[in-house]
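Comments concern the structure below.
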Amino acid sequence: MYDAAYAVKKEWVGNVDYYRGLLEFSNRCIKNCRYCGIRRGNKQVERFDTPREDILAMARWCYEQKYGSVTLQSGERQDAAFIDYVEGLLRDVKAIGNGALGITLCVGEQTKETYQRWYNAGAHRYLLRIESSNPKLYATLHPQDGNHKWKVRKACLDTLAEIGYQVGTGVMIGLPGQTLDDLAEDVLFYKKQNIAMIGMGPYVVHHNTPLGKKVREAGVDTPAARAERLRLSINMVAVTRLFLKDVNIAATTAMQTLHPLGREMALKAGANILMPLVTLPQFRSQYQLYDNKPCLEEGQEQCRDCLSSRVASVGDTVGWGQWGDSPHFFNNLK
């Protein structure tokens, strides 16, 4: 199956892998998701905001290194100050190299007006993971309040597509209570929503979260269980590539968390997007959505060189200086 998926990748998107320099610029979040290490209720996390000049310096570094694109990610906020800040930041990043950098945003659920403002300011891709296409399973991951509704998240994906973003989404794989039927429905959800980029990976425990504590207390976070979550995740990459031939699929960092060669395994099963970390080193330990996140101690140069070696090891090349937009998005416009 992996060989077949890699053959489809070569035919439809090429054996070229594209970089999205991942800049996690703030871990302040209004949400209290039961699995996430930067949830509002985690009082052990030291909150940070990366200085604007440092964000722009790292974006400029990505441009100089010919990454082609950056991903700006943070915890979720919906206040006017945050919305204004992101809008200005986007315009500043867009000015680097006269618009040379592609920009993906990953900052959660917002209003249509906010999404439109950010689109007008220069963001053209948006990643908002649905986490599960099954509303009942989704409900087990979140407090049951008005701030964590599946239908709101789904409506945001619809709004982003309506505005004209290349929309990315994805799910966690190996969640407690998740079935193979759920995973199959997730792939069908990608198709129904006409998703351009898919970022999915294994569920990895964070020790100081309600879900993480429940999983550990139940004794189901064993090495064998983690290996199975990784296997399911690589299978999902392959099946998604076989079914949705021209989409972008990320080889996510969570896969490397569960196996040293997890990202290579994903590339060989059809993934074609990598997100090298360019978050400032002093903030990385405070942006852990799950335990044992790799690359926390590496500088951005080390991360660049490491990923380039990983890409070469599977016989792929890096699409230096290219946005690497999803062919599916443009094929759908024809």
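Laid out as a table, the results:
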| item | result |
| --- | --- |
| Charged-residue dipole, Cβ positions (Lys, Arg, Asp, Glu), the chain about Cα centre, Debye nearest 20 | 540 |
| Ordering of 2-12, 169-179, 261-271 by burial proxy (mean other Cβ atoms within 10 Å per residue, highest first) | 261-271, 169-179, 2-12 |
| Test item: Cα-centred dipole of the stretch 239-334, Lys/Arg +1 and Asp/Glu -1 on Cβ, debye | 300 |
| DSSP bridge orientation in the chain - percent antiparallel, rounded to nearest 5 | 5 |
| For Gly321, distant residues with modelled amide H under 5 Å away | Tyr67, Gly68 |
| Entries in Lys136/Lys191; Lys9/Lys192; Lys149/Lys191; Lys31/Lys214; Lys9/Lys191; Lys10/Lys151 that, when Cα-Cα distance is taken, lie over 27 Å | Lys10/Lys151 |
| Heavy-atom accessible surface of the chain: percent carbon and sulfur, 1.4 Å | 54 |
| Listed candidates (1) 52, 45, 41; (2) 171, 76, 30; (3) 73, 45, 32 - label of the one calculated as Cα extents along the principal axes in Å | (1) |
| The chain: relative contact order in percent, alpha carbon pairs under 8 Å with at least 6 residues between | 27 |
| Listed residue (Ile83, Val171, Ala184) projecting farthest to the positive dipole end of the chain, Cβ model | Ala184 |
| Axial C-alpha extent at least 27 Å, average Kyte-Doolittle at least 0.0 - helices from the chain (DSSP) | 223-243 |
| Cβ crowding within 10 Å averaged over residues, with 241-249, 57-65 ranked highest first | 241-249, 57-65 |
| Student exercise, the stretch 78-185 dipole from Lys, Arg, Asp, Glu Cβ charges, in Debye to nearest 20 | 140 |
| Average accessible area per residue (Å²) across the chain - probe 1.4 Å, nucleic acids and ligands excluded | 40 |
| Centre separation in Å (Cα based) which lies between the stretch 1-73 and the stretch 189-243 | 18 |
| Size of the stretch 201-315 as Cα extents on the principal axes (Å, biggest first) | 41, 37, 21 |
| Helix-only [θ]222 nm of the chain, DSSP H runs n ≥ 4, -39500 (n - 2.57) each, per residue, nearest 500 | -13500 deg cm²/dmol |
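The values are calculated or read from the model by the stated rules, or taken from the named source; none is laboratory data. All figures in this text were calculated on a predicted structure; none of them were measured in a lab. With ideal geometry, Cβ positions are generated from the backbone for all residues, glycine too; neighbour counts draw on all protein chains shown. Note: areas computed on protein heavy atoms with side chains; ligands, DNA, RNA excluded. Shrake-Rupley method; radii C 1.70, N 1.55, O 1.52, S 1.80 Å.
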